[in-house]
Structure formats: structure tokens, C-alpha cells
1. Can you tell me which of 55, 34 is basic (Lys, Arg), in contact with a helix residue (DSSP H, G or I) (Cβ under 9 Å, 6 or more places away or on another chain), in a helix (DSSP H, G or I) and open to solvent by 100 Å² or more (accessible area, probe 1.4 Å)?
2. Residues to consider are 99, 123; find the one that is touching a Ser or Thr at 6+ places or on another chain (Cβ under 7 Å) and either modelled with pLDDT of 95 or more or open to solvent by less than 60 Å² (accessible area, probe 1.4 Å) (or both).
3. Mind listing whichever residues of segment 100-119 are of a type outside the set (A, V, I, L, M, F, W, C), within 22 Å of the chain's Cα centre (by Cα) and assigned to a helix (DSSP H, G or I)?
4. Give me the pairs, please: first residue somewhere in segment 89-100 and free of Cβ contacts under 8 Å to residues at least 60 places away in the same chain and over 10 Å from residue 69 (Cα atoms), second residue anywhere and among the aromatic types (Phe, Trp, Tyr) and in a helix (DSSP H, G or I), beta-carbon distance under 7 Å, and either six or more positions apart or on two chains.
5. Pick out the one residue from 38, 52 that is over 30 Å from residue 92 (Cα atoms), out of contact with any Asp or Glu (no Cβ under 6 Å at 6 or more places or on another chain) and modelled with pLDDT of 95 or more.
6. Restricting to segment 82-99, give me the number of residues that are in a helix (DSSP H, G or I) and over 19 Å from residue 57 (Cβ atoms).
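The values are calculated or read from the model by the stated rules, or taken from the named source; none is laboratory data. Keep in mind it's a predicted model, so treat the numbers as computed, not measured. Glycine gets a Cβ as well: all are built from the backbone with ideal geometry, and neighbour counts include every protein chain shown. Heavy atoms of the whole protein, side chains included, go into the accessibility calculation; ligands, DNA and RNA do not. Shrake-Rupley method; radii C 1.70, N 1.55, O 1.52, S 1.80 Å.
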Amino acid sequence: HSKKANFADMPSLKHKKIIKLAKGYRGRANRCYKVSVRAVHRALQFAYRDRRTRKREFRKLWIQRINAGARLHDVKYNWLISGMDQCNINLNRQVLADMAMNEPLSFKAVVDVVATMQPKPKMRVGLAVTF
């Protein structure tokens, strides 16, 4: 079993913890406490920031996939989402995106249910932009 840590061991335990977190870093950052503590601190800041960014990026991806699937059925994303709210269809964007990609018939069924509850808007195709 492990020995009980006393006050003299505290700095070395703290240093070991940081060095362990810095495993795989380049240069002195994986060996020297003074360098590695900065590198680990920065890495933890990036990790904190990017956990939030990942959520944002996945939501954007799901919306793009749903929109692509919706446009195959001549409807727009916002029409589909608002129609699902009115029909009380509680599917989140992650599930909808997965359906659009992997189960197109199920996705079409959702579009059809929404279409029965509200009129389909006319989609404008191939607008010419003139300057």
C-alpha cells in the first residue's frame, strides 16, 4: 500500500501530476515543471473552449444535413422545423440529421406528416442574379 504523504512530499506530488498531464508534449514541456505547467494550463484552456465549440460545430453540421434532406423533398429547413413544432413532433436535430442521412424513407415520412398539417410553400429554383 502507499505511504501517507507529508508536507515535504507535496511539491513533488504536484510536479508529478503536472508532468503526467504533459506526457507527449514536445521539447522540455514534457520534462520540466516550469515549462510544462504553462503548457498544461494552456491545453486545459483550449479543452474548455473546444468542448463548447464542438457542440456548436455539431449543431451546424446537423442543420446542414437536415436542410439537404429537406431540399430533396422540395421543402426548406425552417419550414420543416417550424412545422414539426406545430405538429408536436419532438425529434432533436441530431436524430433528424441521422434520419436524413441513413433512413431517407423515415425522414420522408416526417416531412409528409408536417406537409399534411401545413401547406407546402413553393420553392423558388434557380434565381438569376443580375447586376
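1. Of the residues listed, the single one that is basic (Lys, Arg), in contact with a helix residue (DSSP H, G or I) (Cβ under 9 Å, 6 or more places away or on another chain), in a helix (DSSP H, G or I) and open to solvent by 100 Å² or more (accessible area, probe 1.4 Å) is 34.
2. Testing whether each residue is touching a Ser or Thr at 6+ places or on another chain (Cβ under 7 Å) and either modelled with pLDDT of 95 or more or open to solvent by less than 60 Å² (accessible area, probe 1.4 Å) (or both) leaves just 99.
3. Looking only at segment 100-119, we keep the residues that are of a type outside the set (A, V, I, L, M, F, W, C), and these are 102-104, 106, 108, 112, 116, 118-119.
Now restrict to residues that are within 22 Å of the chain's Cα centre (by Cα): 102-103.
Answer for segment 100-119, where residues must be of a type outside the set (A, V, I, L, M, F, W, C), within 22 Å of the chain's Cα centre (by Cα) and assigned to a helix (DSSP H, G or I): just 102.
4. 93/62; 94/62
5. 38
6. 6
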